[in-house]
Amino acid sequence: MTVLSVQTASRCQLVSITEQVSRAVEQSGIKQGICVVYVPHTTAGVMINENADPDVRHDILSHLERMVPFECSFRHVEGNSAAHIKSVLVGHSVTLIVEKGALVLGRWQDVYFAEFDGPRRRLVYVRVVGSPG
Amino acid sequence: MTVLSVQTASRCQLVSITEQVSRAVEQSGIKQGICVVYVPHTTAGVMINENADPDVRHDILSHLERMVPFECSFRHVEGNSAAHIKSVLVGHSVTLIVEKGALVLGRWQDVYFAEFDGPRRRLVYVRVVGSPG
Amino acid sequence: MTVLSVQTASRCQLVSITEQVSRAVEQSGIKQGICVVYVPHTTAGVMINENADPDVRHDILSHLERMVPFECSFRHVEGNSAAHIKSVLVGHSVTLIVEKGALVLGRWQDVYFAEFDGPRRRLVYVRVVGSPG
């Protein structure tokens, strides 16, 4: 298992981790298999989306905020229920395909760590399974 | 494959299944790998979230209800379209990492069966793949 | 890895790909394992849901549209931010269990390619890992 560290800079932020995940795949020695990217937090998640226009990231975060406003009335006394709910909607893991020793992503895809209650230092776990042949 | 059985007690409920999933991982004999938790229903799902304050579970369920009200006008005659939609948003599987024969979860994380059209008796499938070494 | 091709017919559409995924599992020769279905696009996703009443598919798509209206005001100049956001909510992969050489699905479940910015020709990648024994 490879452990990545991500420092986020604001309450909500999408940080590309494609390069670090790709490196973990290469170092695993697995040629044909799958790669699981797992976020061990409850107010952050991981998603796939567009790597080109940064406005897409902006629109994703602002619409999630419209759907789950941080200032909504919630019971949880820490006041960050919106972050928990967003992480449930986005999910805590993505499963990717590994082919010829490399991550298979669509042309416009990046893997993003999704911060919903930052800024914080966060962890991401990467596991590759398959055959080295 | 291990089959778990979950009895839910209300229409919407989050039931922790972390212990049963952990046991399935231990019994599999796999030391390094991944664990897939799969829900074979269409009005229930599975999610990762906080294991400490039960208010977080309450806030997640009540906000999902705000986003997808059960009484919304839908076409499906069984009247439970909201449950189908919530299960799509939450998802039907989670993929977890197995290290040294044990499930790797964040300190505050539990695995929850998410009931959206109960009370019912439900099934959860668990599959562990990897190496026993 | 098996590559499937899906032609969609409208902007938003759920297309069952269960048969093609099942065939890929059978051809892989894997008897006990898991199957990852991956969508390499950023305005489409993949989900599990009901295979019986087509009104469920209608209700899922129309409620997603209510939650993320295509005509919402967004920054991204291509004008399809709603499709990006829906794909994030639904997800880009599903992980299924393979038992005795066949896909394990619930009685009412199908695997659906979820188009949110069609009509287009799309790709789906399928990877099966596990043991042939």
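The values are calculated or read from the model by the stated rules, or taken from the named source; none is laboratory data. Quantities reported herein were computed from a predicted structural model and do not represent experimental measurements. Note that we place each Cβ from the backbone using ideal geometry, even for glycine, and neighbour counts take in every protein chain shown.
Out of B:VAL94, B:VAL98, B:VAL128, which single residue is within 12 Å of chain A (Cβ to nearest Cβ), touching a residue at least 60 places away in the same chain (Cβ under 8 Å) and under 21 Å from C:GLY106 (Cα atoms)? Step through it out loud before you land on a result.
Working: B:VAL94 fails: touching a residue at least 60 places away in the same chain (Cβ under 8 Å); B:VAL98 fails: under 21 Å from C:GLY106 (Cα atoms).
Residue meeting the stated conditions: B:VAL128.
With respect to (1) within 27 Å of C:VAL129 (Cβ to Cβ); (2) away from chain A (no Cβ under 12 Å), the lone exception for B:PRO69 is condition (1).
Please work out if B:GLY133 is modelled with pLDDT of 95 or more and of a type in the set (Gly, Ala, Ser). Give the derivation first.
Numbers: modelled with pLDDT of 95 or more: no; of a type in the set (Gly, Ala, Ser): yes.
Taking the combined requirement at face value, the residue does not satisfy it.
The condition (being part of a helix (DSSP H, G or I) and either over 16 Å from A:ARG120 (Cβ atoms) or touching a strand residue (DSSP E or B) at 6+ places or on another chain (Cβ under 8 Å) (or both)) is satisfied by just one residue among A:SER10, A:SER5, A:SER22: A:SER22.
Filter segment C:43-66 down to the residues that are among the charged types (D, E, K, R) and surrounded by fewer than 19 Cβ atoms within 10 Å (Cβ to Cβ), then identify the one that is nearest to the other protein chains (Cβ to nearest Cβ).
Narrowing segment C:43-66 to residues among the charged types (D, E, K, R): C:50, C:53, C:55, C:57, C:59, C:65-66.
With the extra rule that they be surrounded by fewer than 19 Cβ atoms within 10 Å (Cβ to Cβ), the set shrinks to C:53, C:55, C:65-66.
On the way: C:ASP53: 6, C:ASP55: 4, C:GLU65: 11, C:ARG66: 8 Å.
Checking each candidate, the answer is C:ASP55.
Take the conditions (1) within 8 Å of another protein chain (Cβ to nearest Cβ); (2) at positive phi; A:PRO40 misses just one of them, which is (2).
The single condition among (1) within 11 Å of B:GLY45 (Cβ to Cβ); (2) more than 7 Å from every other protein chain (Cβ to nearest Cβ) that B:ASN80 does not satisfy is (1). Among the conditions (1) at pLDDT below 95; (2) in a helix (DSSP H, G or I), the only one that B:SER73 does not satisfy is (2). Do we have C:GLU65 as assigned to a helix (DSSP H, G or I) and more than 15 Å from C:GLU115 (Cβ to Cβ) here? The answer is no for C:GLU65. When C:ALA24 is tested against (1) within 14 Å of chain A (Cβ to nearest Cβ); (2) within 14 Å of the chain's Cα centre (by Cα); (3) small (Gly, Ala, Ser), exactly one condition is not met: (2).
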